[in-house]
Every structure is written in C-alpha cells, then in structure tokens.
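Below is one structure; the comments refer to it alone.
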Amino acid sequence: MIAPWWQTGVFYQIYPRSFATSRGEPTGDLAGVEAHLDHVEWLGVDAVWLSPFYPSPMADFGYDVADYCDVDPVFGDLAAFDRLLAACHRRGLKLLVDLVPNHTSDQHPWFVAARSSRDDPKRDWYIWRDGSPDTPPNNWLAAFTGGPAWTWEDATQQWYLHQFLPQQPDLNWTNAAVVDAVHDVMRFWLDRGVDGFRIDVVHGLGKDPAFPDDPPESAGMPHSALNDTAETHALLRGLRKVVDAYPGDRLILGEVFLLSTERVATYYGDGDELHLSFNFPPLFTPWHARRWRRQIDDTTLHIAGRGAWPTWVLSNHDNQRHRTRYGGSEHRARAALFLLLGLRGSPVLYAGEELGLEDAVIPDDRRVDPGGRDGCRAPVPWDGTPEHGWGTTDPWLPWPPDAGVRNVEALRADDGSILHLYRRLLAARRSSSALRTGDLEMIE
Ligand code: TEU
C-alpha cells in the first residue's frame, strides 16, 4: 500500500497573526500568507496548518471562536481564504484549518443564547451546574488563570464549565445537536476544499459524567491536561467518519495534550479515531540524549506498537521555541533538525524555526497573552529593514532577537545558513523512502 501524504509529508504551522501582512497592519492576514507561499514552497514542506482565523474577540487570539464559518476582518474574508487555499493547491501544498470544538467564545451566538435563560433552547449546548456561588461544582482548574474551571452566572444562578478562559465556555458534547453542529462546520470547510483539520484540545470533548474531582497528586494542573475519558473516543469516531466520507485522504490531526504517550496513543483508536496525534512529552524533554532515547522508545512502543503513525514537534505557538528552550545555541538548533527529520513519523515545523528564531523578549507593558505565550508568537522577520517586510516598525508583538540579520532575505542569501540547512534536509528527506517511511533501529 502506498503511504498517504500525511505519513510521508512534513507539516508547517502558520500562526496567521504573526506570519505576514498584506496591508502594513501590526497583525498578519490571510493575503499575507498567500503572498509568502513562495517561501513555504521553496523551503520544501508538504502541508500547512493554519491556526484560527475565524471571527473572534481574541481573548485567546482566535482560539475563542465566535463564528466557525467565517473569517475575522483582521485576517480578511472568505474570498481571501478561498484564494489562499487555491494558491496552496496550485503549489502542491495541502492546507489544514484549525477546528476548535471543545469550546466557543462567550460571544458566540450559541453561548449568548445559552446564557440568556435557563429555558433557552441552546442552554444545554454548554455545561451548567447548580450550586452556591461560593463553591464550584468540583475542583477542576482552568488553564491560563489557574482558578476554577467554573464561572458563576449571576443572571441565571448556575455555574458554567470552561477548561480554558472564562471567555471560552466548554460545549456540551453529550448533546446530539452540538455534535451535528460541529460536523456541519467540518463539512463547511471540507466542501471548500480543505485537506483536513488540526483539532484543538480534542481529548477534552467528552467528560466523565460523574464530574469527579481531579486527584490530589495532580494539584495545580489544569483539568485540560487530565481530561481523558471513554466518552471522547466515541465522539472521535464520529469526527473521523465526517472526513472519511470525503474523497482524497482528508486528515484529522488531533491535539491530545496529555503528558503520557501511552494515553495519547489511545486516541488513534483502532484506526478509526485520529489519523495523527500530537504527542507533547518529547517537546517537554530537555536536550539530553538518555531522556530523548526514553521518549523515542515510548513512542515506538505505544504509538508504532499499535500500528499507528507518530508525529514529532519541537515548537509551536504555545511553548517557548525549542532553540530558546535548548539554551539558545544555533549549533543545537541545527542538530535538533536532524533529530526531528530523522525520526520515524510526521514532523511538524513551526514557522520561523527555519530561521533559527529564538523567543522575543517581551517587556511587561507589551504582554498580551493571558497564558504568557507571547515570546514564541513574535512576528516573522522577512528582511533586514526596520519594518522587516511588515510595512510597520511596530507590530503587535516585539520582533524576535537579531531580526536585522536573522530574517528570510538575509538567510536566503547565505548558503551556509540554518535556513538552507532546513531546505537541504527537507529535500534529503523527500528523496529518501528510508527517511520518510522506513523503520527506526536504535544503535547502542
Ligand atoms: O492548547 C491546549 C493546551 O492544552 C495548551 O494550551 C496548554 O494548556 C498550555 O500550553 C499551557 O500548558 C490549545 C491551543 O493550542 C492553545 O493556543 C489554546 O489557547 C487552547 O487550546 C485553548 O483553545
């Protein structure tokens, strides 16, 4: 059998706010992405995963979605999306969009209706609990705030659940109408021609119906890193059927943010849940040979061991860039690429790592993310001018370090740069079936 594209290919994550602008704004947009696809194609990746660009109040910079089937004016409009998708396809690039089904924005019309009254038909689309205003229904903690994962609604005298910010209420996936509505959202984008979805917090959808307290040994952990229930697997089989009904190997790549590879592996099901899953324990592993060896063995045992295909990722929009995490040395950033592209599985790159970018230093008065993740979201510098190709010297976040020399134009002009190393290694991987689909054997 010929391996599907998502098994042989390399993914490239674009955080649209920080990639490129077409109109000299402090934030990037879809037309900016389209205008820079030359770079993506030249680099030699196979698929782009685009972080959310939907209408959003931006409490979580787009992961709080107020309309799943449109484009926020900050990023453009649906026509700009269609042009970007067509441009990707013309260049032989696949395009994944980010599906955020665990929660909506509190400004989503569904939640606006749900919170309006206990009798509203949408009330049960979210998760409500009775109680007294001073005692949340259980001890679950929200990500980013560290406070309770429940907020008291004074107007209707109930708590609602939010595994993330209070502005991100969790949808109630036990309600069949919610399931149908999200399936329809998927069809909306599949009909437009997307090649699949990266699915946000996909392990979060199902909840233990008893809503038990999180155990004392995980004190301080957000519930979103612990939620791991049987209910979710049935829901995943439903999402999988939606994409499988379409021709052309459409993909679901899930974000399963659990800190055990053994548990992550279960979200592949029996080939009937996720095609691919992120696996973050390696990302949280320091640059240390023995520790990495253990992660690789774990992945082989649990993911490959059930006939599933692993993914490998070192950087994304939620974590310090790996160059910074590994101590800042460019030598190490280069070595890390050999590791990333040499392992058995599908690598996912984060835009800017090919420039050897480090996290930006964010002064206190420029911090905007409630989760403290601004550093890795610094805008990509395209050239050495003070505007770095953005048409403004003052983008939404400060530039990454050394942008005057560490930018696309300068590194492209230097054949020995880390950017050229990325390109050469990606080409080597593409031309070697051993690197793309071969086995992995460890040599002591
Ligand atoms: O992330 C989910 C998630 O679990 C991480 O954000 C984690 O909580 C964080 O790194 C702190 O440890 C996804 C998105 O990738 C993230 O950007 C969103 O903020 C989050 O979901 C909510 O939608």
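The values are calculated or read from the model by the stated rules, or taken from the named source; none is laboratory data. Owing to the predicted nature of the structure, the values given are computational and were not obtained by experimental measurement. Using ideal geometry, Cβ is built from the backbone for each residue, glycine included, and neighbour counts are taken over all protein chains shown. In case anyone asks, the SASA skips ligands and DNA or RNA and just uses the protein heavy atoms, side chains included. Shrake-Rupley method; radii C 1.70, N 1.55, O 1.52, S 1.80 Å.
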CD proxy at 222 nm, helix term only [per DSSP H run n ≥ 4: -39500 (n - 2.57); per residue of the chain; nearest 500]: -8500 deg cm²/dmol
Could you pull the accessible area for T437 with a 1.4 Å probe, rounded to 10 Å²? 60
Hey, got the dipole for the stretch 147-294? About the Cα centre, +1 on K and R Cβ, -1 on D and E Cβ, debye to the nearest 20? 720
From largest to smallest, what semi-axes in whole angstrom does the chain give when each is the square root of 5 times an eigenvalue of its alpha carbon gyration tensor? 34, 26, 22
The long-range amide H neighbours of V48, using H built 1.01 Å from N in the peptide plane and a cut-off of under 5 Å, are Y12, K94, L95, L96
Reachable lysines from K122, criterion Cα separation under 25 angstrom, eight or more residues apart if same chain: K207
Sites D119 and T393, calculated FRET efficiency, Cβ-Cβ separation with R0 56 Å, nearest 0.05: 0.60
Length gained when the stretch D439-R294 is fully extended (0.36 nm per residue, less Cα-Cα span): 50.5 nm
At 7 Å along the Cα-to-beta-carbon direction for both D208 and L78, put a label point, then send me their distance in nm to one decimal. 4.2
Rounded to the nearest 10 Å², what accessible area does S116 have for a 1.4 Å probe in the complete protein model? 70
Rounded if a/c is under 1.5, else prolate if a/b beats b/c, else oblate: with a ≥ b ≥ c from the C-alpha gyration tensor eigenvalues square-rooted, which is the stretch 206-349? oblate
Taking all protein chains as present, what is the carbon and sulfur share of the accessible area of the chain, in % to the nearest whole number, probe 1.4 Å? 51
Quick one: compute the contact order of the stretch 252-401, relative version, from alpha carbon pairs under 8 angstrom and 6+ residues apart, as a percent. 17
How would the stretch 63-107 be classified by its alpha-carbon gyration tensor: rounded, prolate or oblate, with rounded meaning a/c under 1.5 and the a/b versus b/c comparison settling the rest? oblate
Checked against the positive end of the charge dipole of the stretch 316-444 (+1 on Cβ of Lys and Arg, -1 on Cβ of Asp and Glu, about the Cα centre), the farthest of A434, H317, L397 is A434
Among A177, N139, T300, whose Cα projects farthest towards the positive end of the dipole of the chain, with charges put on the beta-carbon of Lys, Arg (+1) and Asp, Glu (-1)? T300
Could you give the accessible area per residue of the stretch 12-125, probe 1.4 Å, as a whole number in Å²? 31
As I understand it, the dipole of the stretch 151-251 uses +1 on the Cβ of Lys and Arg and -1 on the Cβ of Asp and Glu, about the Cα centre. Which of V201, W152, L239 lies farthest toward its positive end? L239
Which helices of the chain meet both criteria: a Cα extent of 15 Å or more along the helical axis and a mean Kyte-Doolittle score no lower than 0.5, with helices taken as whole DSSP H segments? 78-90, 330-342
Which of the trypsin sites (Lys or Arg not before Pro) found in the stretch 352-386 are loop residues per DSSP with 16 or fewer other Cβ atoms within 10 Å of their Cβ? R367
